[in-house]
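*Asks:* The structure follows.
The values are calculated or read from the model by the stated rules, or taken from the named source; none is laboratory data. Here the structure is a predicted model, which is why all the values come from computation and not from measurement. Because the Cβ atoms are built from the backbone with ideal geometry, glycine has one as well, and the counts that use them run over all protein chains shown. Keep in mind that these areas ignore ligands, DNA and RNA; they rest on the heavy atoms of the full protein, side chains included. Shrake-Rupley method; radii C 1.70, N 1.55, O 1.52, S 1.80 Å.
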Amino acid sequence: NRDNASLLVQQEIHGREGNFLAGLTFRENYFDLVTGDYKSLDRYPGNWFLIKILNHADDTKDISLLPFIKKIAADRGREKEIRVRASSISESLEHLSSLVTEKDDRKRFSHKLLSDSRQPQTTQILRLLRDNSDDSRAVGIMLIGKFRIKDMVQEVCECLEIPKLRTQAKNVLRRFGSDASDQLQRYYMVSSGNTETSIAILRILAEDGSSDNLMFLFSRLWSNSRQVKEVALKLLADSNFKSPDQERDHIHQLISDVIGIITWDLSAKISLKKITDKRLLQTLNKDIARWNLFLFNLLSITYDSGSISRIRENLSGGTVESVNYALEMIDIVIDESIKPKIIPLLDAIPDEIKVKNLSHFYPCEIPDYLKLIDEILNRDYNLLGVWIRACALRNITYVESGILAQSVIALLFSPEQILQDESAKLIARSGDGIYSSVSGRIDGKLKDRIIMFMNNEIPAEEMLYEKVRFLSDLFTGADEDHLLFLASSVKYLKVLENNALPFAGGFILWTIPAGSEAVIVSDQTEAGVKINGMMNDKGFYLLPLSAVEDFHYQYPEQSSMILNYIGNIEH
């Protein structure tokens, strides 16, 4: 009844529990809230989101939210307790706004500018953008978006590369729509070495959905970066894009190239099955599935997407009838120039026969195990990921002198920390011979680390490899190459000294191994958080929630299972 509902509302209002998902939602919608777009209230019904906003406005005295708070206070459709609290906060913010001046409080004055309906001077915005404070620069960005100052879009684009500003920069650029397209495309070219920024720009361009922007995404299918290609193609497929007829030969060549990549993967799979290497086989199967998804997305933007979807559904059915029906559809739908390669790849026949049939187009052999391992370690990173190389290194018991040893030594100088560590650990367990041959070529820090591995002085739980496996066990189905990003932020704690966590800020704390009880503390800003009664012989893993937010920004398609996991614990 209404009395019980009112009680729940009061409990929510007076609660100050940390809530990561509410905070994340608030930060992602902040620009809309302070610029008069309140559709997020409809997207997130109930009181949890609204109360998060009220708590923030009350705790931080955020004048930017004054127009929004006034609207809530006057909304007769809201619960009385909500309106009363909003009215109280509104009065407090109005009084503060009437007193604040730029001279006395530059930060609050900038938020006052954001709450005002009058456009500030360009010099004021430039001053905010040049300020050392991230908060001031964020306000400057949002002022550009609120008043649609087109001449300053370039300044907003540059903020996509600044972690603490990129979310608001993205939101502002989305608000500009097609008015920002040219600047975004130019900035993409400038920042093409930064994969994260490049992908953020592609997502913004896809939202606008103009033919010019979609053609820009289409041209990215020939990028050197596998991640860029995958994101661009997924955005095109989701936009129901159809490749131009004049590009048909070009995209057929790309489809052919992808089939060639999968053919190599299948030959590697046959080799691994012969020696029943389950760990590497599982990883390779994930990579094959990833390339198959890419292939079907290519087909869907080249041919009728509905037909391609039915072909895929029938192939996954696995029965003789469904597979035959899919092959009949392929015969009708797919162009003659590519059909002889598609059919043997997708037919429900053993991998050995597939590779034999495809070898007419892609000469390949079934390598022996050691040769395959060497090929995995040296294969182009845009054809095969980092994680499978780490698994290959971990699977080798020891390495002697020779070609494989040189490949392992080369990975000591990899920019990927996991490959540095796994190659160093392999050299350490291979005896003095390999270490002696390489010691003169590496610096003292790396020498010390190899010696520590030799003396078993580095706990297994500290290894990035183990952290990825831990997260993979928790988030089943997530791609390990993406989980590497999260794992690099995981901290290993042998003990919780004095029951206090040595980390200020929100975090997830797990006991090791995976599957043990997890404790999550959201939006925690005080150091020395007390966790009572937690003891574990193998130690703990701690993941800052800021890393989860970064992961969500960079890999939104992969982050849902992690956010759901956090949400289940929080509630």
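*Asks:* Can you tell me the accessible area per residue over the range 406-516, all protein chains present, probe 1.4 angstrom, in square angstrom?
*Replies:* Each residue of the range 406-516 exposes 44 Å² on average to a 1.4 Å probe.
*Asks:* Here's another thing I want to ask about it. Please calculate how many Å² of accessible area the range 236-281 carries per residue, with a 1.4 Å probe and no DNA, RNA or ligand atoms counted.
*Replies:* Ligands and nucleic acids excluded, the figure is 46 Å² per residue.
*Asks:* Which three extents, in whole angstrom, do the alpha-carbon atoms of the range 252-297 cover along their principal axes, largest first?
*Replies:* Sorted from largest, the Cα extents of the range 252-297 read 36, 15, 9 Å.
*Asks:* Step through the residues of the range 121-128 one at a time and calculate ³J(HN,Hα) from phi using the Karplus curve (6.51 cos²θ - 1.76 cosθ + 1.60, θ = phi - 60°), rounding each to whole Hz and writing x for Gly and Pro.
*Replies:* After applying 6.51 cos²θ - 1.76 cosθ + 1.60, I find 5, 4, 5, 5, 5, 4, 5, 5 Hz.
*Asks:* What are the ³J(HN,Hα) values, in whole Hz, obtained from phi via the Karplus relation 6.51 cos²θ - 1.76 cosθ + 1.60 with θ = phi - 60°, for each residue of the range 424-436 in sequence order, with x given for Gly and Pro?
*Replies:* 5, 5, 5, 4, 5, 8, 9, x, 6, x, 5, 4, 5
*Asks:* Moving on. Can you compute the charge dipole magnitude of the chain about its Cα centre, using +1 on each Lys and Arg Cβ and -1 on each Asp and Glu Cβ, nothing else charged? Give it in debye, rounded to the nearest 20. If you can, show how the numbers build up before the last one.
*Replies:* Working: 68 positive and 80 negative charges, 189 e Å.
For this selection, approximately 900 debye.
*Asks:* Related question: Write down the accessible area per residue of the range 49-100 in Å², having rolled a 1.4 Å probe over the full set of protein chains. It would help to have the intermediate numbers written out before the result.
*Replies:* Details: 2340 Å² over 52 residues.
Accessible area per residue: 45 Å².
*Asks:* When only the heavy atoms of the protein chains count and the probe is 1.4 Å, how do VAL84, VAL386 rank by accessible area, highest first?
*Replies:* Order by accessible area, largest first: VAL84, VAL386.
*Asks:* Using Cα centres only, tell me the gap between the range 257-313 and the range 199-222 in whole Å.
*Replies:* Each part's Cα centre sits 25 Å from the other's.
*Asks:* So for each of 119-126, 474-481, 280-287 I average, over its residues, the number of other beta carbons within 10 Å; can you give me the resulting order with the highest mean first?
*Replies:* In decreasing order of mean packing, 119-126, 474-481, 280-287 become 280-287, 474-481, 119-126.
*Asks:* Find how much the distance from ASN455 to ASP135 grows on full extension, using 0.36 nm per residue of separation minus their present alpha carbon separation; answer in nm with one decimal. Kindly include the intermediate steps, with their values, before the conclusion.
*Replies:* Numbers: separation 320, 0.36 × 320 = 115.20 nm, distance 4.80 nm.
110.4 nm is the gain from fully extending ASN455 to ASP135.
*Asks:* Follow-up question, since we're still on this one. When the accessible area of the chain is computed with all protein chains present and a 1.4 Å probe, what percentage of it is carbon and sulfur?
*Replies:* For the chain, the apolar C and S fraction of the accessible surface comes to 48 percent.
*Asks:* Then there is this: Tell me the mean residue ellipticity at 222 nm calculated for the chain from its helices only (DSSP H runs of n ≥ 4, each -39500 (n - 2.57), averaged over every residue, nearest 500).
*Replies:* Details: 31 runs with 365 residues, N = 571.
The helix-only estimate for the chain comes to -19500 deg cm²/dmol at 222 nm.
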